[in-house]
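Report on the structure given below.
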Amino acid sequence: MRLVFIGPPGAGKGTQAEYLIKKYHPAHLSTGDMLRAARDAGTEVGLKANEYMSKGELVPDQVIVDIIKERLAQPDCAEGFLLDGFPRTIAQAEALDIMLKEAGTPLDVVLELRVPEEELFTRLASRGRADDQPEAIRTRLVGYRNQTSPLLDYYTKQGLLQTIDGLGAIEDIWSRIETVLDKIA
Ligand code: AMP
C-alpha cells in the first residue's frame with residue numbers, strides 16, 4: 001500500500017501512523033523524524049534544517065524532495081510506504097508525482113486527518129516539543145493553512161483524498177482509518 005498521510009500539527013497523525021504501520025506494514029517515511037535525526041546527528045543538512053524547524057517554518061522544498069527521493073529508492077519502499085509529513089506544499093506534491101510516475105508506482109490513497117484549528121492549539125501547547133513554543137505553533141498552523149491545505153484540493157482532483165474525522169477517542173479514529181484502508185489493502 002502506498003499512501004500519504006496529511007494532517008495539521010497536533011491532529012494525532014503520529015499515533016495513528018503507529019497503528020497503521022503495525023497493521024499494514026508500509027515503510028514509514030516521516031520527514032519530521034528524518035530531519036530531527038539529522039539535526040541530532042549534527043549533519044550539515046540537519047543543522048541547516050533546524051534553523052527553519054525551530055521557528056516552525058517549512059524547510060525549503062528542494063532539501064525535502066532530495067531526502068525523500070533518496071529514501072523512496074531504498075528496497076523496503078518497494079513493498080509500500082506511508083509518507084508522513086510529506087508533501088507539505090504543492091511543489092513537493094508535484095515533485096512526488098513525477099518520482100512515482102517514473103517508478104510506475106502511483107499512490108493508492110491520501111488520508112487527511114481533520115481537526116478544527118481551535119482544538120489544535122490547545123493540544124500542541126500541552127505537548128512540550130522544542131518547536132511547541134506558542135510562536136512556533138502559530139507559525140506551523142498558519143503554514144498548514146496556507147501552504148499545505150491546498151493539497152486537499154490537489155488530491156481531491158486526482159480522486160485520491162479520503163478525509164477522516166480526527167475528533168474523538170483514539171480507537172474510534174483508528175477504526176475510521178481501518179474502514180477506509182481495508183477496502184484498499
Ligand atoms: P513534523 O514532525 O512533521 O511536524 O515536522 C517538524 C518540522 O520539520 C516542520 O515544522 C518543518 O519545519 C520540518 N518539515 C517536516 N516535513 C517537512 C516538509 N515536507 N517540508 C518542509 N518542512 C518539513
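Structure notes:
- Search result, residues across the range 83-120 that are acidic (Asp, Glu) and more than 15 Å from the ligand (Cβ to nearest atom): GLU102, ASP108, GLU117, GLU118, GLU119
The rows are residues; the columns are (1) free of Cβ contacts under 8 Å to residues at least 24 places away in the same chain; (2) more than 9 Å from the ligand (Cβ to nearest atom); (3) crowded, with 19+ Cβ neighbours inside 10 Å; (4) of a type in the set (Lys, Arg).
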{"residue": "PHE5", "(1), (2), (3), (4)": "no, yes, yes, no"}
{"residue": "ALA11", "(1), (2), (3), (4)": "no, yes, yes, no"}
{"residue": "TYR19", "(1), (2), (3), (4)": "no, yes, no, no"}
{"residue": "GLU51", "(1), (2), (3), (4)": "yes, yes, no, no"}
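- Restricting attention to the range 68-92, the residues being of a type in the set (A, V, I, L, M, F, W, C), open to solvent by less than 30 Å² (accessible area, probe 1.4 Å) and free of Cβ contacts under 8 Å to residues at least 40 places away in the same chain number 1.
- Against the numbered list (1) within 15 Å of the ligand (Cβ to nearest atom); (2) at positive phi, LEU141 comes up short only at (2).
- Search result, residues across the range 90-143 that are modelled with pLDDT of 95 or more and outside any helix (DSSP H, G or I): GLY104, THR105, PRO106, LEU107, ASP108, VAL109, VAL110, LEU111, GLU112, LEU113, ARG114, VAL115
- Residue satisfying all of: in the range 21-35; in a strand (DSSP E or B) and open to solvent by less than 30 Å² (accessible area, probe 1.4 Å); farthest from the ligand (Cβ to nearest atom) among these: ALA27
The values are calculated or read from the model by the stated rules, or taken from the named source; none is laboratory data. For clarity, every value in this text was computed on a predicted model and none was experimentally measured. Because the Cβ atoms are built from the backbone with ideal geometry, glycine has one as well, and the counts that use them run over all protein chains shown. We work out accessible area using only protein heavy atoms, side chains counted, and drop any ligands, DNA or RNA first. Shrake-Rupley method; radii C 1.70, N 1.55, O 1.52, S 1.80 Å.
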